[in-house]
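Here's a structure for you.
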There are 4 protein chains.
Amino acid sequence: MKGIKNNNWRTKLHDIIYEADTPIGKLFDIILLALILLSVIFVMIETIRGLPGWAYDLLYYGEWVITIFFTFEYIARIVTVKKPSKYIFSFYGIIDFLSTIPLYISFILAGSNVLLAVRALRLLRVFRILKITRYIGESNKLTKALKDSRPKIFVFLFAVLIISIIAGTLMYLIEGEESGFKSIPVSVYWCIVTLTTVGFGDIAPVTPLGQLLAAIIMIMGYGIIAVPTGIVSAEYTKAGKPLQKDDPEYVHVNSQVCYHCGAAKHRDDAEFCHKCGNSLFEQEDETSG
Amino acid sequence: MKGIKNNNWRTKLHDIIYEADTPIGKLFDIILLALILLSVIFVMIETIRGLPGWAYDLLYYGEWVITIFFTFEYIARIVTVKKPSKYIFSFYGIIDFLSTIPLYISFILAGSNVLLAVRALRLLRVFRILKITRYIGESNKLTKALKDSRPKIFVFLFAVLIISIIAGTLMYLIEGEESGFKSIPVSVYWCIVTLTTVGFGDIAPVTPLGQLLAAIIMIMGYGIIAVPTGIVSAEYTKAGKPLQKDDPEYVHVNSQVCYHCGAAKHRDDAEFCHKCGNSLFEQEDETSG
Amino acid sequence: MKGIKNNNWRTKLHDIIYEADTPIGKLFDIILLALILLSVIFVMIETIRGLPGWAYDLLYYGEWVITIFFTFEYIARIVTVKKPSKYIFSFYGIIDFLSTIPLYISFILAGSNVLLAVRALRLLRVFRILKITRYIGESNKLTKALKDSRPKIFVFLFAVLIISIIAGTLMYLIEGEESGFKSIPVSVYWCIVTLTTVGFGDIAPVTPLGQLLAAIIMIMGYGIIAVPTGIVSAEYTKAGKPLQKDDPEYVHVNSQVCYHCGAAKHRDDAEFCHKCGNSLFEQEDETSG
Amino acid sequence: MKGIKNNNWRTKLHDIIYEADTPIGKLFDIILLALILLSVIFVMIETIRGLPGWAYDLLYYGEWVITIFFTFEYIARIVTVKKPSKYIFSFYGIIDFLSTIPLYISFILAGSNVLLAVRALRLLRVFRILKITRYIGESNKLTKALKDSRPKIFVFLFAVLIISIIAGTLMYLIEGEESGFKSIPVSVYWCIVTLTTVGFGDIAPVTPLGQLLAAIIMIMGYGIIAVPTGIVSAEYTKAGKPLQKDDPEYVHVNSQVCYHCGAAKHRDDAEFCHKCGNSLFEQEDETSG
């Protein structure tokens, strides 16, 4: 009896934590989402220097509240799942563990504050919750377009990398170390900065020849940006075409013609003519009979 | 009699101020548009240091002329409108008030010059006038494309933000405070600067690992820019097509529900329910009768 | 007799200078194109400091040779054209004059070297020559797409400007003069630099609030870039559609039906049915007869 | 006998080196690809200052192993190919030679370390191997779209260059040498940096007029980027459509020529010439008979 009761209790908790169909399940997801976002904001603010003392205290206690909640949630997840080992070593299991543990470690080992930034990984937990919300639904078409574009974008990125390495080597030879092109990897880094039109300006060519090559790289980068855009644009247009059927306003009509009044374009699932009200199937029987 | 006369006088003024159909109404709009633009230019120039004294004098007197005109206009708008309170607390009512008041406050309270920059908000008044011009007509298609793209662009911006926070945290851990990555919020700011290919260069990675991650962020940003472009491009192409109605498969359905069987999505020109064959109009009569 | 002879001589020269149909006319255009490009390169190199003395001498004498050639060409253009006054005050007439005169002025007036840079305007002369070459042919479709996009791009630019002015004013209020946002016009300039994703970094926000606003501006700019791209992309796709008729593989077929065998979709210039071999016109005569 | 045996040995080696159909041939390609990438990474790392001594030793010995492998490969390629001279002076022959020789030269001539960077050109060898892999297959459509866009992109780049030269000259005149616009070529370089939205910030306008012009250049650059994107997007969409056959106006014509009248471009299913009405098949029989 106790086992079954326990099971019931477990099943209920499982539904609350892992599913979002019930009102309590939804509430749990919203609270979790809020706590994750709050904790990420806490982690971010914590790194700011020069805040007043009470702010650090507030962040510290807030952090403990969130960590304790996450600890209970982590234990609950292990308890209610069928195969705990499978959950623990899954992607989200590891993320959950890494989201919870840093504060305990920093409490035991002084000076391990660097670990605290690991808590920003909590943001990845957001994806688990969002998976069950409607926002992902919006991005389906986008995901499809991106998935279809992947092989082409891979070829494109490979081309960008090869151009960067060759141009980076040339820039290293032309500009040399005085201009900031300290080594070929740094030159390649600069080339990527330039090709992608980011252009920090921490390293910039000084010699006329280097500036000429830089200008060529920039114009290439300017032209190259057209390629992924064109790809995604074309794939997206393509992906959008047959999806119109999923549109709530979309109704598929067929070429069937009513034998009584001749009206066409009936809905696929129509049983009666929308114009004269006679059965669409009776007429077919008469014809065949 | 006086009341009616007053009313006539009010109606006329109302037509001049709020409508642009009459020649005087158009002239009023053009003068108002010119004064707004002029006053915004005045506000901008005023902040430049090192102008000759007479320039400041000119700006000062010009500003008074415009403010007095705006004051009269504001009073006229209150007087001629039916429900003054509704106007005063409307978006444009508040903008109008904020456009007029700063100079008076700076006259009474010395040292409140910061308030004067609020006058730049006058620019928002331009939209009210432009609403009645033909330029907005041009942008209808654009607005439609943007409105249709909104949910996808929201998903996209959310993705950009999550990438920025995670990459920003990593950059903070890798580069540290010596390289200018002073805190996670600053790192996230830097990530947005880099992802959007702006690249100020006030903060730039120095360590090899940081530069490698920066290169990955840049190439991602370069690829990501293709997404909104593809979306808008596809939506815009779609928005430009009223052709879908010419599509042989296209039939417009409405939200009317059959009173007999509850079937929805009937063709616009349907007279009988396509599900149960009963008249769609008879049912309405029965309901109303 | 002399008048006619003179006329002949003039007509020939006119054909050489203004037209490119004859071999000599083509040769003249190519020489002129080469000299213009050479002279623009000369003007550019001249401004470089630290060249050896002989290089300046070479540029100086080269410049004189080109100027004398341009002088003769200018006189020849005036002499051979029917209405010299119309040419002199035309766009290209003024450009030609400005291309020729600076060296003479700098010869007479010492210290007027600034004027010499005006010679870079010679580059505009290239367009006259290119007008008669095939390259412009290539850009017809492009020009059409751009022309059709113009009103939309105007609305777009207007929106960019208004966003820049409002965001610039806000940045001026938030950051203030210490961060480099010296005046509202400078702030607006910085906003345009940021919105267009150029990002020089000579001015960059320092305060957290300023950086937040900057991040919002950047993401807006990143999204906004999608708009003109989508417009041009859609217009270009549209512009490219009816051009398929110029495709060498394209054959226009009509809806004419053969009266003998009923075959349809004959080529527009077909005289006989491609299915049964009977004349397409005879049948028409029979029908009409 | 020995000659034939030698030939067999050669043919086998030729198949291994030049083809990828056999398992050994594939293995050879993979090893070569790995060695090329490894050697390029070695060349890049080598230029980094401040590595520990053993790292330089490792790179040095690794470099010798790779160079010796490349030497044998180079000799093998010469030996097994039919016309060695044709290979040696081909593009890839020269690349192979330049990939192998630098280490030997630096061994003989001390101080010729600059030459070592030439080894980065080994990366170009990657293309030869990739030519026989499936990745290029993915990029066929991309290549087609780019090839079709070429003339338009050429016109576009020419326009960018002319805008840069004219705007660069104006910036030189407005800003002058104090602001970093040292000469017209440097100004033109800055214009390209700005137009392509790279924006290093090593040179930036300081005067109000210069900033105004810079803002105009940026907005132009922002608008111009739409052009190549639109072109590639449209071409790519076109390249992806074999749909044109569904077009009701589309009729496939072939290159068959009528033997009676010489008319070409008959419909694929044509039996009679559309010009003279004679059978298209009879004529073929007569010719063959």
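The values are calculated or read from the model by the stated rules, or taken from the named source; none is laboratory data. Keep in mind that this is a model prediction, so the values were computed, not measured. Don't worry about glycine lacking a Cβ; one is built from the backbone with ideal geometry, like all the others, and counts go over all protein chains shown. Calculation scope for accessible area: heavy atoms of the full protein, side chains included, ligands and nucleic acids excluded. Shrake-Rupley method; radii C 1.70, N 1.55, O 1.52, S 1.80 Å.
Based on the Cβ-Cβ distance of C:Ile68 and C:Phe154, what FRET efficiency does E = 1/(1 + (r/R0)^6) give at R0 = 45 Å, to the nearest 0.05?
Numbers: r = 45 Å, r/R0 = 0.99.
Calculated value: 0.50.
What percent does the relative contact order of segment D:137-238 come to when contacts are Cα pairs within less than 8 Å and at least six residues apart? Present the calculation step by step, with values, prior to reporting the outcome.
On the way: 85 pairs, mean separation 33.8, N = 102.
Rounded, it is 33 percent for segment D:137-238.
Taking 0.36 nm per residue of sequence separation and subtracting the Cα-Cα distance, how much length would be gained by fully extending the chain between A:Trp9 and A:Ile48, in nm to one decimal?
Numbers: separation 39, 0.36 × 39 = 14.04 nm, distance 4.38 nm.
Taking 0.36 nm per residue and subtracting the Cα distance, the gain is 9.7 nm.
Shifting gears a bit: With every protein chain left in place and a probe of 1.4 Å, what is the accessible surface of C:Leu212, to the nearest 10 Å²?
Spelled out: C:Leu212, probe radius 1.4 Å, area about 100 Å².
Say each of D:Lys147 and B:Leu209 gets a label point 7 Å from the Cα, pointing the same way as Cα to Cβ; how far apart are those two points in nm?
Here the answer is 4.6 nm between the modelled labels.
Now for a separate question. Net charge within 13 Å of B:Leu27 by Cβ-Cβ distance, Lys/Arg positive one each and Asp/Glu negative one each, not counting B:Leu27 itself? All intermediate terms of the calculation are to be shown ahead of the outcome.
Working: positive: B:Lys26; negative: B:Asp15, B:Glu19, B:Asp21, B:Asp29.
Every neighbour counted, the sum reads -3.
How much net charge surrounds A:Ile184 when only the other residues with a Cβ under 13 Å from the Cβ of A:Ile184 are counted, with Lys and Arg +1 and Asp and Glu -1?
Residues near A:Ile184 contribute +1 overall.
Over segment D:9-132, what percent of the accessible surface lies on carbon and sulfur atoms, probe 1.4 Å? Let's see the in-between values first.
Details: 5460 of 7150 Å².
Here carbon and sulfur together make up 76 percent of the probe-accessible area.
Report B:Ile165's accessible area, 1.4 Å probe, all protein chains in place, as a number in Å² to the nearest 10.
We get 30 Å² for B:Ile165.
Using a 1.4 Å probe and ignoring any ligands, DNA or RNA, find the accessible area of D:Thr100 and quote it in Å² to the nearest 10.
The value for D:Thr100 is about 10 Å².
Further question: Name the residue from A:Ile203, A:Ala215, A:Pro151 whose Cα lies farthest towards the positive end of the charge dipole of segment A:137-238, charges +1 on Cβ of Lys and Arg and -1 on Cβ of Asp and Glu.
A:Pro151
On to the next question. Distance in nm between label sites at B:Tyr104 and C:Ile108, each 7 Å beyond Cα in the beta-carbon direction?
The modelled label-to-label distance comes out at 6.2 nm.
Here is a follow-up. Identify the trypsin sites (Lys or Arg not before Pro) of segment B:1-80 meeting these criteria: DSSP loop state and at most 10 other C-beta atoms within 10 Å of the C-beta. Let's see the in-between values first.
Working: sites: B:Lys2, B:Lys5, B:Arg10, B:Lys12, B:Lys26, B:Arg49, B:Arg77; in loops: B:Arg49.
Answer by residue number: B:Arg49.
Next question. Counting pairs of alpha carbon atoms under 8 Å apart in space and at least six apart in sequence, what relative contact order in percent does segment C:9-132 give?
Numbers: 92 pairs, mean separation 35.6, N = 124.
Relative CO of segment C:9-132 lands at 29 percent.
Let me ask something additional. Sort shortest first the distances from D:Trp54 to its counterpart in every other copy, using label points 7 Å along the Cα-to-beta-carbon line, and give them in nm.
D:Trp54 label point versus its equivalents elsewhere: 5.6, 5.7, 8.0 nm.
Between A:Tyr60 and A:Ser90, what length comes free when the chain is fully extended (0.36 nm per residue of separation minus the Cα-Cα distance, one decimal in nm)?
On the way: separation 30, 0.36 × 30 = 10.80 nm, distance 2.94 nm.
Additional length available on full extension: 7.9 nm.
Pop a pseudo-label 7 angstrom from the Cα along the beta-carbon direction at both A:Ile162 and A:Leu38 and give the gap in nm to one decimal.
Rounded to a tenth, the inter-label distance reads 5.3 nm.
What size of dipole, in debye to the nearest 20, comes out for segment C:137-238 about its Cα centre when the only charges are +1 on Lys and Arg C-beta atoms and -1 on Asp and Glu C-beta atoms?
Details: 7 positive and 7 negative charges, 124 e Å.
In debye, rounded to 20, segment C:137-238 gives about 600.
Within segment D:161-188, which residues have the backbone N less than 20 Å from the label spot 7 Å out from A:Ile216 along Cα→beta-carbon, could you tell me?
Once the point is set 7 Å along Cα→Cβ of A:Ile216, D:161-165, D:185-188 turn out to lie under 20 Å by backbone N, inside segment D:161-188.
Beyond 26 Å between alpha-carbons counts as too far, so tell me which of A:Lys152/D:Lys12; D:Lys26/D:Lys82; C:Lys86/C:Lys152; A:Lys182/D:Lys26 fall in that bin. It would help to have the intermediate numbers written out before the result.
Working: A:Lys152/D:Lys12 35 Å; D:Lys26/D:Lys82 22 Å; C:Lys86/C:Lys152 36 Å; A:Lys182/D:Lys26 38 Å.
Too far apart for the 26 Å limit: A:Lys152/D:Lys12; C:Lys86/C:Lys152; A:Lys182/D:Lys26.
Sticking with this structure for a sec: List the distances, in nm to one decimal, from the label point of A:Phe91 to the label points of the same position in every other copy, shortest first, placing each label point 7 Å from Cα along the Cα-to-Cβ direction.
4.0, 4.1, 5.7
What are the label-to-label distances in nm, one decimal and shortest first, from B:Pro208 to the same spot in the other copies, with labels 7 Å along Cα to Cβ?
With the label placed 7 Å along Cα→Cβ, B:Pro208 yields 3.6, 3.6, 5.1 nm.
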